Structures are given as C-alpha cells and as structure tokens.
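> There's a structure below that I have some questions on.
The values are calculated or read from the model by the stated rules, or taken from the named source; none is laboratory data. None of the values given here were measured: they were computed from a predicted structure. Note that we place each Cβ from the backbone using ideal geometry, even for glycine, and neighbour counts take in every protein chain shown.
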Amino acid sequence: MVSGSRLERLLRQGEFVVCGEMSPPQGADKAPILKKCEYFRGYVDAVNLTDNQTAIVRMSSIMSSVFAIEGGCEPIMQMTCRDRNRLAQQSDLLGAYAAGIRNVLCLTGDYQTFGNQGDAKGVFDLDSVQLIHTVADMNSGRLLSGDELKPPPAFFIGGAANPFAEPLEMRIIRLEKKVAAGAHFIQTQPVFDWPKFEKWMSAVRDAGLDQRVFIIVGVMPVRSVKALLYMRDEVPGMSISEECIKRMESAQDPKEEGVKMCVETMQRLRETPGVRGIHIMPVMWESITPRLVEEAGLLPRPEPLPVEEETTAEPAETS
Amino acid sequence: MSKLTEAIAEFTERHPTLYRCVLFGENVFKKAIFGCQDCGQCVLSYNAFVCCMRCPKQMRNGPCGGTRPNGRCEVYPNRPCIWWLIYKRAKWMGRVAKLKKYHVPVDRRLEHTSAWMNMFAGRILPLDLSKELREIELPKKDPPPKW
Ligand code: SF4
Ligand code: SF4
C-alpha cells in the first residue's frame, strides 16, 4: 500500500474499479463541481479532474479536486507538463497532498495551440515519464534535485497510455518506462476499436505489464454519430472502427445506441484478462454515469476493507 | 570520460574564442545534419541519430499519445512525428533496445553549450556506439561557463 486511497485499496483487494471523469468549470464558481459530484458519488470509486484539457483555461485541477472531496468523491488529480515547470509541479504536488488528494495522474498535456490560448508558451520542462519519476522520488522523500523532503507525500501515481497509436512496439516500450519510473496505475484512451485494443492488450500481457501495474481502460458514451466522426477526424491519436460508426449511423435513437454500445464495451472489458477497471469519460454528459454503471452490472460499488495497522505504518514504497 | 578528454574540455572552456569555435563547428555540423536544437546534452546515439528535441513537446522518453495513424505529428499534421522517425530508423538499424533507456530531465543550464565539450568533461553520458546500454553514474559537475 502506498497512499491508502480508496482507489488503491480497492485495486489491491482485487476489485474491478470504476473511475469517472469531469472537466472543471470555465468560471469562478465551484457549484458545477459539487453538482457533478452527485452523478458520481456512490457510482464510481474515483473521479478524474482534468488539468486544462485540450489547452482550454478552466479552474485548476488541484482546487477542483479539493471541491470534489467536498462533494464526497475521491479525486484523481491530473497534472500536465504543459503549464508548469518542475518547481511549480513539485510545489503544487505538496499542496495537493496536504489538501487530501491522494491520486495523481501524470500527463504530458495537449499542445497549447489546440485550445483558446494558442499564443501561449508551452513549458514542457519535464515529460510525463520524468514527472512520474519525480512523484515517485517525492514519495520516497526526495525532491528532483536530490534534496530531502520531510515529511514526504504518499501519492498513488498514474500514467496514461494510448492503445490506438502506432507503432505498437514503441508504445509498449514507453509504457514499460512509465512502470519502471514508478507508475502504479495506467488509464487509457476510450475504446472504440476493439480489434486494435485487443492487439495492444495482448502485447501488454506478453510483456508482463498487466502484472506490474493496474490497467484501467477508458470508455466513452457518445450521443451522435457526429461526435464519433469528430473524434476520428479531429482528435489526434483516436481510432474509431467502421463498425461503431455504422452502428451509430443506422440507429433509430442514437442516444440509446450510444449508451448500449458503451455498456457492451464495459461488459466486454470486464471479461478481458489483465484489465483491472474502467474509466468512464462522459464528456459533457456526466448525468449518464449512474445509468452506465448500473446497466453494466457494476453496482453496488464495493467498500474498501479497513487498512491494517502494519500497512499504514510502513514507509511509502516506490518501485 | 577520461583524464585526457577532461583536460581538453577544461582547456577549451577556459578560452572563450576557442570554445565559441568548437560550438560553432558543432552547430554547423549537427544543425545541418540532425536539426539540432542545442540542448547541450545529446541523446542522438540512443535515438537512432534522430534528434528528439525537434518534437514540439520536446519528448525525450518516447512519443506522446497524439501521433496520427499515418505517422504524422499531432501538432503539425504536415510533419512526421519525430518519434515515429526514431522508431523506424531504430528498427532499420537494429537499435530498438536503446530506445528503452530512461532519460533524466534536461539540465537547462546546459542549453546552448557544446554537447561535445559537456561529454568530454563528463557532464553527460558519452556517445558510446559500441557498448550496450548501462547506467553510468556521472559525477556532479558545474555547468560550463557562458560568455
Ligand atoms: S544536442 Fe540535443 S538538440 Fe542537439 S542533436 Fe543532440 S539531442 Fe538534439
Ligand atoms: S506526435 Fe510525435 S512529434 Fe508530435 S508532439 Fe507527439 S511525440 Fe512529438
């Protein structure tokens, strides 16, 4: 046990976990977060709070995570390398831990020209592998510079993987680096292309990585075929199979079909060896989460067992 | 690396004009051939002689998640993804194993200094073409002077 977060405890108990995701509001009010928490509380085990996703200015992921705790959800704070250098990242991590945030997902971040601040300077001081390594170092009581850190935080560290990007061998090498750098869990892009996902998953199993890291696979409910086409053509690194597009196109009620498709993917993932959980990304459609989780047969969500005395007394481990 | 190379580096760094000449020579060569971005801590030998600092996000440990299906960069669709090139080249040269190395964060103090002299002075990993990857403990050294 590293952090003792709910997510970590459930994963280590062997439960199949469910994560949600919400984007912080584009305004100076926390009410939208508290409202969205209602769709997640009791239905998912932890919620990702995105860090200026697609390079659009939103409320900071740290403060949003704090508000998510207030709303009764366990946050997974996302942290990108686009907006901060190593100094700011480390100081933000210390503050986040002190505020009760236990899970952190380390990302490189979307390039600044994609968002509404295209003229900004991208920082990219560290890359995501180096950021994972930095957090692992901080867990073991050292800053990146080697200076001692007292008391150290104890984060449950996550990384991202894209099963659909080529070349596969390079992706596995990179995933291996993330695990070696100290990632405890991995979250992936949403699955809309099952054959490609299977191929990636079996490569992950062949490399033995499913035994060294908890793999949490993304799913996304879509409301129309237009959303799928947009993702295929505009979002780099996404892969949408023809089958999915045909299915959405011919559906009488695309909204219903989108939910059905998502639930089917969730059930299929549950049967896939090596997959330890799912990550629902309901972009702007958070209210659908309870229904998805229920229809996939993942309710009620399990409660983590209490942590034994000795495991909490252990110093934070890093790999 | 060795006493001799360290002495050379030290001598060069004590003589601004000489240092500038070395830096100029290195730049002329590496900028023209590899599109060098002057990071001062060269990893070309690990990356099949394709400079990874040309990536818009300056990824040193592998590609970001946005590479397009045709191997183009997510940021500039008309350019190839640098890591796509690195992988293809490494495959062709039989150097895929070298891509597994973890690269530590860039020491920004070394930017715009001579990577060759930094290597000679033992500040960065040597460009070792014949030996397999291994972790080398580097002594902590002061960054080179900037004039
Ligand atoms: S010194 Fe740095 S920027 Fe220049 S070629 Fe080598 S890796 Fe690329
Ligand atoms: S697609 Fe390749 S070159 Fe472009 S930002 Fe990502 S890693 Fe860098």
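> Among what's in region A:163-191 and is over 15 Å from the mean Cα position of the chain (by Cα) and in a loop (DSSP other than H, G, I, E, B), pick the residue that is surrounded by the most Cβ atoms within 10 Å (Cβ to Cβ).
A:Ala165
> Restricted to region A:150-180, and to residues that are of a type in the set (A, V, I, L, M) and under 21 Å from A:Ser5 (Cα atoms), which residue is farthest from the other protein chains (Cβ to nearest Cβ)?
A:Ala154
> Then there's this: Just to be sure, is A:Met201 touching a strand residue (DSSP E or B) at 6+ places or on another chain (Cβ under 9 Å) and farther than 15 Å from A:Gly274 by Cα?
It is false that A:Met201 is touching a strand residue (DSSP E or B) at 6+ places or on another chain (Cβ under 9 Å) and farther than 15 Å from A:Gly274 by Cα.
> Still on this structure, please answer the following. Take B:Gly62 and tell me if it is at pLDDT below 90 and either in a loop (DSSP other than H, G, I, E, B) or more than 8 Å from chain A (Cβ to nearest Cβ) (or both).
Considered against the rule, which asks whether it is at pLDDT below 90 and either in a loop (DSSP other than H, G, I, E, B) or more than 8 Å from chain A (Cβ to nearest Cβ) (or both), B:Gly62 comes out as no.
> Pairs please, first residue from region A:160-179 and free of Cβ contacts under 8 Å to residues at least 24 places away in the same chain, second anywhere and in a loop (DSSP other than H, G, I, E, B) and not acidic (Asp, Glu), Cβ atoms under 8 Å, 6+ apart in sequence or on different chains.
Every condition considered, the pairs that remain are A:Glu166/B:Thr67; A:Glu166/B:Pro69; A:Glu166/B:Gly71; A:Met170/B:Gly62; A:Met170/B:Pro63; A:Ile173/B:Gly62.
> Got a sec? Which of A:Leu131, A:Leu105 is within 14 Å of chain B (Cβ to nearest Cβ), in a helix (DSSP H, G or I) and surrounded by 23 or more Cβ atoms within 10 Å (Cβ to Cβ)?
After ruling out the rest, the residue left standing is A:Leu131.
> What's the number of the only condition in (1) surrounded by 16 or more Cβ atoms within 10 Å (Cβ to Cβ); (2) of a type outside the set (S, T, N, Q); (3) within 14 Å of another protein chain (Cβ to nearest Cβ) that A:Lys121 fails to meet?
(1)
> Additional query: Going through region A:55-102 one residue at a time, which ones are within 22 Å of A:Asp127 (Cα to Cα) and touching a residue at least 60 places away in the same chain (Cβ under 8 Å)?
A:Ala55, A:Ile56, A:Val57, A:Ile76, A:Leu93, A:Arg102
> Output the residues belonging to region B:73-87 that are in contact (Cβ under 8 Å) with a residue 12 or more places away in the chain and away from ligand 1 (no atom under 14 Å from the Cβ).
B:Cys73, B:Val75, B:Tyr76, B:Cys81, B:Trp84, B:Tyr87
> When B:Pro105 is evaluated against the numbered criteria (1) more than 16 Å from ligand 2 (Cβ to nearest atom); (2) closer than 27 Å to A:Thr80 by Cβ; (3) more than 14 Å from every other protein chain (Cβ to nearest Cβ), which criterion, by number, is the only one it fails?
Of everything listed in (1) more than 16 Å from ligand 2 (Cβ to nearest atom); (2) closer than 27 Å to A:Thr80 by Cβ; (3) more than 14 Å from every other protein chain (Cβ to nearest Cβ), B:Pro105 misses just condition (3).
> Then there's this: Does at least one position in region A:225-233 carry a residue that is surrounded by 17 or more Cβ atoms within 10 Å (Cβ to Cβ) and touching a Ser or Thr at 6+ places or on another chain (Cβ under 7 Å)?
Initial filter on region A:225-233 (surrounded by 17 or more Cβ atoms within 10 Å (Cβ to Cβ)): A:225, A:227-228, A:231-232.
If we keep only those that are touching a Ser or Thr at 6+ places or on another chain (Cβ under 7 Å) as well, we get none.
Checked region A:225-233: no residue is surrounded by 17 or more Cβ atoms within 10 Å (Cβ to Cβ) and touching a Ser or Thr at 6+ places or on another chain (Cβ under 7 Å).
> Since B:Gly35 meets every condition but one in (1) crowded, with 16+ Cβ neighbours inside 10 Å; (2) within 13 Å of the chain's Cα centre (by Cα); (3) within 16 Å of ligand 2 (Cβ to nearest atom), which condition does it not meet?
The failed condition is (1).
> Go through A:Asp125, A:Asp147 for me and flag whichever is more than 21 Å from the chain's Cα centre (by Cα), without any contact (Cβ under 8 Å) to a residue 24 or more places away in the chain and more than 27 Å from B:Gly94 (Cβ to Cβ).
A:Asp147
> Which is crowded, with 16+ Cβ neighbours inside 10 Å, in contact with a His (Cβ under 8 Å, 6 or more places away or on another chain) and not small (Gly, Ala, Ser), of B:Arg95, B:Arg60? Write out each step before concluding.
On the way: B:Arg95 fails: in contact with a His (Cβ under 8 Å, 6 or more places away or on another chain).
Being crowded, with 16+ Cβ neighbours inside 10 Å, in contact with a His (Cβ under 8 Å, 6 or more places away or on another chain) and not small (Gly, Ala, Ser) holds for just one of B:Arg95, B:Arg60, which is B:Arg60.
> For residues that are more than 14 Å from chain B (Cβ to nearest Cβ) and of a type in the set (D, E, K, R), scanning just region A:83-102, find the one that is farthest from A:Glu21 (Cα to Cα).
It comes out as A:Asp92.
> Further question on the same structure: Which residues, counting only those in region A:41-81, are assigned to a loop (DSSP other than H, G, I, E, B), within 17 Å of the chain's Cα centre (by Cα) and not aromatic (Phe, Trp, Tyr)?
A:Asp45, A:Thr50, A:Asp51, A:Asn52, A:Ser60, A:Cys73, A:Glu74, A:Cys81
> Might you check whether a residue that is within 12 Å of chain B (Cβ to nearest Cβ) and more than 16 Å from ligand 1 (Cβ to nearest atom) occurs anywhere in region A:67-80?
yes
> On the given criteria, is A:Arg270 in a helix (DSSP H, G or I), over 17 Å from the mean Cα position of the chain (by Cα) and at pLDDT 90 or above?
yes
> Please go through region A:73-91 and pick out each residue that is buried (at least 19 other Cβ atoms within 10 Å of the Cβ) and more than 20 Å from B:Asn61 (Cβ to Cβ).
So the first thing to find is which residues in region A:73-91 are buried (at least 19 other Cβ atoms within 10 Å of the Cβ), and the list is A:73-84, A:86, A:89-90.
Once the filter is applied, which keeps residues that are buried (at least 19 other Cβ atoms within 10 Å of the Cβ) and more than 20 Å from B:Asn61 (Cβ to Cβ), region A:73-91 yields A:Cys73, A:Glu74, A:Pro75, A:Ile76, A:Met77.
> Test each condition in (1) loosely packed, with under 15 Cβ neighbours inside 10 Å; (2) basic (Lys, Arg); (3) modelled with pLDDT of 95 or more for A:Lys246 and report the one that comes out false.
Going through the list (1) loosely packed, with under 15 Cβ neighbours inside 10 Å; (2) basic (Lys, Arg); (3) modelled with pLDDT of 95 or more, A:Lys246 breaks only (3).
> Kindly indicate which of B:Ala48, B:Ala9 is touching a residue at least 24 places away in the same chain (Cβ under 8 Å), more than 10 Å from ligand 1 (Cβ to nearest atom), surrounded by 14 or more Cβ atoms within 10 Å (Cβ to Cβ) and not assigned by TED's automatic domain parsing to the domain that holds B:Leu85.
Just a single option satisfies the conditions, and that option is B:Ala9.
> One residue is enough: does region B:112-125 have a residue meeting the conditions within 16 Å of ligand 2 (Cβ to nearest atom) and buried (at least 20 other Cβ atoms within 10 Å of the Cβ)?
There is no residue in region B:112-125 that is within 16 Å of ligand 2 (Cβ to nearest atom) and buried (at least 20 other Cβ atoms within 10 Å of the Cβ).
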